[in-house]
Ligand code: NAD
């Protein structure tokens with residue numbers, strides 16, 4: 001794995017040579033095109049990422065945005081009256097932008113958006129920019145769906161598609177401190193890193209297309225299990241009469257230590273400011289944990305990987321997501337679902 005840190009001035013590499021700028025300008029009479037960018041999916045993550053992107057690209061560049069939720073694009077335009085255009089549909093984004101970032105909920109959304117962007121396969125001839133597009137998909141989806149979209153982009157000759165799922169949550173998206181795990185051919189890594197560094201702090205290249213998602217899903221599988229195991233271990237110790245903070249302190253200098261025990265402990269009051277200590281609000285939603293776990297199970301089944309703990313864990317998250325006392329909360333709420341002492 002290669003870790004590539006944010007370049008000091010990544011845009012100069014993206015914007016390339018004056019000759020290329022000049023040739024690009026020939027394709028538009030309506031705007032002063034230095035570089036054109038697209039962002040599709042202005043949700044909890046995407047809105048903040050697009051904010052950072054707009055803030056860091058040169059003022060004269062144009063950012064085309066689209067979301068089916070028109071309230072999101074309207075607010076974004078109001079907040080960025082300069083250098084932003086709202087595209088009527090995703091095809092328009094693909095026609096006008098050279099570098100396109102997507103942050104969408106699920107595989108079906110990613111597939112539908114790319115079908116519309118890539119068909120008909122005339123982007124390079126009829127579009128406003130005649131350069132091969134770079135598509136960077138930051139959505140968490142399954143590697144097989146991602147691979148199908150990458151192949152559609154490649155075989156139609158219209159662009160390169162890479163997977164760049166992220167971690168760091170909404171707070172990281174706001175602060176521009178996300179970590180991206182990318183799956184990309186070596187020759188595209190530098191350009192993709194320069195783009196992603198505008199929205200995050202770390203870019204980890206894990207291998208060819210699909211590798212970013214595989215890494216992300218393996219990590220989130222482990223996280224989902226560690227979260228349940230921490231909730232169970234804390235619950236057992238507390239019901240045996242141990243002091244919650246003393247128990248957590250001991251675990252966190254012992255072999256059971258993990259992110260849920262140390263940073264996101266599921267017992268209220270153990271860690272000040274944690275989601276558990278504020279009614280399980282904020283954090284990594286139980287629905288997202290459930291979604292990522294199911295994606296990991298699907299991808300594992302496709303690769304014939306034997307898992308002992310995945311199915312029961314998925315059933316637990318499913319039940320917690322449908323429980324009125326847990327729905328919409330941070331995933332550490334499984335402690336409450338399991339009847340832990342609060
Ligand atoms: P979200 O649901 O808040 O945002 C998704 C956005 O996509 C919405 O605004 C929605 O209207 C838009 N959208 C859906 N279909 C569309 C279409 N056809 N065309 C245009 N726009 C469309 O989701 P999010 O929390 O921002 O997450 C985005 C992705 O990032 C997901 O895959 C998620 O798993 C992943 N992720 C989320 C977090 C997190 O903490 N929220 C952390 C890491 C990764």
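Only helices enter this figure: runs of n ≥ 4 DSSP H residues, each worth -39500 (n - 2.57), summed and divided by the residues of the chain, yield -14000 deg cm²/dmol at 222 nm to the nearest 500. Using the Cβ-Cβ distance between residue 55 and residue 242 with R0 = 41 Å, the FRET efficiency computed as 1/(1 + (r/R0)^6) comes to roughly 0.30.
Once the C-beta distance of residue 148 and residue 187 is scaled by a Förster radius of 22 Å, the resulting FRET efficiency is 0.50 to the nearest 0.05.
Based on DSSP, what percent of beta bridges with both residues in the chain are antiparallel, to the nearest 5? Roughly 25 percent of the DSSP beta bridges within the chain come out antiparallel. Against the main long axis of the alpha-carbon atoms of the chain, helix 286-302 sits at an angle near 80°. Once C-alpha pairs closer than 8 Å and six or more residues apart are averaged by separation and normalised to the residue number of segment 127-193, the relative contact order reads 31 percent.
Here the simple spin-label model places points 7 Å from the Cα toward Cβ, and for residue 315 and residue 177 these points are separated by 3.9 nm. Seen against the Cα atoms of the chain and their longest principal axis, helix 70-79 is set at about 70 degrees. Taking 45 Å as R0, compute the FRET efficiency from the Cβ-Cβ separation of residue 301 and residue 78 and round it to 0.05. So the FRET efficiency works out to roughly 0.50. Report note on the peptides 286-293, 187-194, 173-180: ranked by the mean count of other C-beta atoms within 10 Å, highest first, their order is 286-293, 173-180, 187-194. Beta bridges per DSSP, both residues in segment 136-240: antiparallel share near 25 percent. Round to a whole angstrom and tell me the spacing of the C-alpha centers of segment 293-331 and segment 230-290. Each part reduced to its Cα centre gives a spacing of 19 Å.
Entry note, the chain: relative contact order of 14 percent, from Cα contacts under 8 Å with a spacing of 6+ residues. Here the chain is treated as a sphere whose radius is the Kirkwood value from Cα pairs; by Stokes-Einstein at 37 °C and 0.692 mPa s it diffuses with a coefficient of 154 µm²/s.
Quick one: helix 310-321 against the long Cα principal axis of the chain, what's the angle to the nearest 10°, folded into 0 to 90? Around 90 degrees separate the two axes. Highest mean first, the peptides 198-205, 330-337 sorted by other C-beta atoms within 10 Å per residue fall in the order 330-337, 198-205.
For q = 0.09, 0.10, 0.15 Å⁻¹, what log10 I(q)/I(0) does segment 143-295 give under the Debye formula with an equal point scatterer on each alpha carbon and no solvent? Treating every Cα as an identical point scatterer, log10 I(q)/I(0) equals -0.39, -0.46, -0.86.
With Cα atoms defining each centre, segment 87-153 and segment 186-222 are spaced 18 Å apart in the structure.
Bear in mind these aren't lab numbers, they're just calculated from the coordinates by the rules spelled out. The shown structure was predicted, so the numbers you read here are calculated from the model rather than taken from an experiment. Reconstructed Cβ throughout: ideal geometry from the backbone, glycine too, with neighbour counts over all protein chains shown.
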